[in-house]
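Q: Sending over a structure as structure tokens; questions will come in a sec.
The values are calculated or read from the model by the stated rules, or taken from the named source; none is laboratory data. No experiment lies behind these values; they were computed from the predicted model shown. Using ideal geometry, Cβ is built from the backbone for each residue, glycine included, and neighbour counts are taken over all protein chains shown.
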Amino acid sequence: MHDPLLAKGRAVPVTEVVVHEDIEQAYRRLYPSLVRLAYLLVDTPEHAEEAVQDSFTRAFSKWSRIDSPDAYMRTCVVNACRKVQRRRQLVRRTPQALPDQAVLDTDHIADVVRALRSPMREAVVLRYYLQLTDPEIADTLGMAVGTVKSTLHRARAHLEKELS
């Protein structure tokens, strides 16, 4: 009879199994919403999935010490998306030929949101897509609640100007 607590002849502590199951459950529960969040920030499904998977990979070793997995993973995904955006900016600085199929479907509102600077873009997505409260956004982005309010105010003013 095969014992799942034995791995290659050695006993695996029960705490490792429980932590592993917890992160698996969190992965199944959070993955779809985190991919949607990342997609709104990076604009491609491939980069969005990669950002979420990288975030879970980084969180795995410290999972037992994480108090609020939902907030922690949102923060990790936002940071991973910032990294993707920085890489894109570097690529854009180097002259390259455009691909043959440069015609892409566009969504004007999404394009305007994506054009916002980093903290405004993320605050808008967290507020209006994930419908987070000001304190939740502040926790996710690592800023004060007042800063979230002023950031959202400036973002709304910019969006109103660009969309009118």
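Q: Restricting to segment 1-44, and then to whatever is modelled with pLDDT of 50 or more and of a type in the set (Val, Ile, Thr), can you tell me which residue is surrounded by the fewest Cβ atoms within 10 Å (Cβ to Cβ)?
A: Residue satisfying both the conditions and the ranking: 44.
Q: Considering only residues that are among the small types (Gly, Ala, Ser), under 17 Å from residue 142 (Cβ atoms) and assigned to a loop (DSSP other than H, G, I, E, B), which ones fall in segment 34-89?
A: So in segment 34-89, the residues among the small types (Gly, Ala, Ser) come out as 38, 48, 51, 55, 59, 61, 64, 68, 71, 80.
When the remaining residues are screened for being under 17 Å from residue 142 (Cβ atoms), the result is 55, 59, 68, 71, 80.
Within segment 34-89, 68 is the sole residue that qualifies.
Q: With (1) at pLDDT 95 or above; (2) on the phi > 0 side of the Ramachandran plot as the list, and residue 131 as the residue in question, which single condition is left unmet?
A: Only one criterion in (1) at pLDDT 95 or above; (2) on the phi > 0 side of the Ramachandran plot is unmet by residue 131, namely (1).
Q: On to the next question. What number of residues within segment 133-150 satisfy the criterion of being touching a residue at least 40 places away in the same chain (Cβ under 8 Å) and outside any helix (DSSP H, G or I)?
A: Selection size over segment 133-150: 1.
Q: Still on this model: Scan segment 148-159 for residues that are surrounded by 16 or more Cβ atoms within 10 Å (Cβ to Cβ), over 20 Å from the mean Cα position of the chain (by Cα) and within 30 Å of residue 67 (Cβ to Cβ) and report the count.
A: Number of matching residues: 0.
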